[in-house]
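Chemist: Have a look at this one.
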Amino acid sequence: MFKYPASDLRRATQMHQDCPHCGFHFEIEPGFFWGAMYISYAFSVAVSVTFGVLAYLVFDDPAVWVYCLCIFFPLLLLSPLSMRFSRVLMLYWFGDE
Ligand SMILES: [Zn+2]
């Protein structure tokens, strides 16, 4: 589905137009993957809550900037994966016509 591995940050978002194996056209209708933003948003909320609670437990209710750092960096690091998973899920859930 994606042309390059997620670790290749510059090109992580590039997708094949059609499946190299079966020829399935990924973007079923124009803008199909806009909906993946909502799934990605749900991932971001889940990651934020998880790392927020972890920061609370590990640092015993630290200052606000500590929370911000503890949430910002995991979100940044996971964003390529979040984008990819959300597109895969979008296709999986809404891809059948
Ligand atoms: Zn295929």
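Chemist: Quote the relative contact order of the chain in percent (integer), defining contacts as alpha-carbon pairs under 8 Å separated by 6+ residues. Don't jump to the answer; show the numbers that get you there.
Modeler: Details: 78 pairs, mean separation 28.5, N = 97.
29 percent.
Chemist: Further question on the same structure: Using helices alone, what [θ] at 222 nm do you get for the chain, with -39,500 (n - 2.57) per DSSP H run of 4 or more residues, divided over all residues and rounded to the nearest 500? It would help to have the intermediate numbers written out before the result.
Modeler: Working: 2 runs with 55 residues, N = 97.
Calculated from helices alone, the mean residue ellipticity at 222 nm is -20500 deg cm²/dmol.
Chemist: Considering the alpha-carbon set of the chain alone, what are its Rg and its Dmax in angstrom?
Modeler: 16.6, 53
Chemist: Here is a follow-up. Quick one: length gained pulling VAL88 to TYR41 fully straight, 0.36 nm per residue minus the C-alpha distance? Walk me through the intermediate numbers first.
Modeler: Working: separation 47, 0.36 × 47 = 16.92 nm, distance 1.44 nm.
Extending this stretch completely gives an extra 15.5 nm.
Chemist: Between LEU76 and SER48, what length comes free when the chain is fully extended (0.36 nm per residue of separation minus the Cα-Cα distance, one decimal in nm)? Walk me through the numbers on the way to the answer.
Modeler: Numbers: separation 28, 0.36 × 28 = 10.08 nm, distance 1.09 nm.
Gain on extension, LEU76 to SER48, equals 9.0 nm.
Chemist: Further question on the same structure: Under a 5 Å amide H to amide H cut-off, with H placed in plane at 1.01 Å, what residues pair with MET15 once short-range neighbours are removed?
Modeler: When sequence neighbours closer than 5 places are left aside, the close amide H contacts are LYS3.
Chemist: Ignoring ligands, DNA and RNA, what percent of the accessible area of the chain is carbon or sulfur (1.4 Å)?
Modeler: Values: 4770 of 7100 Å².
C and S fraction of accessible area: 67 percent.
Chemist: Just the accessible area per residue of the chain, please: how many Å² with a 1.4 Å probe?
Modeler: Numbers: 7100 Å² over 97 residues.
Dividing the accessible area of the chain by its residue count gives 73 Å².
The values are calculated or read from the model by the stated rules, or taken from the named source; none is laboratory data. As the structure is a prediction and not an experimental result, all values here were calculated from the model. Note: accessible area is taken over every heavy atom of the protein model, side chains too, but ligands, DNA and RNA are not part of it. Shrake-Rupley method; radii C 1.70, N 1.55, O 1.52, S 1.80 Å.
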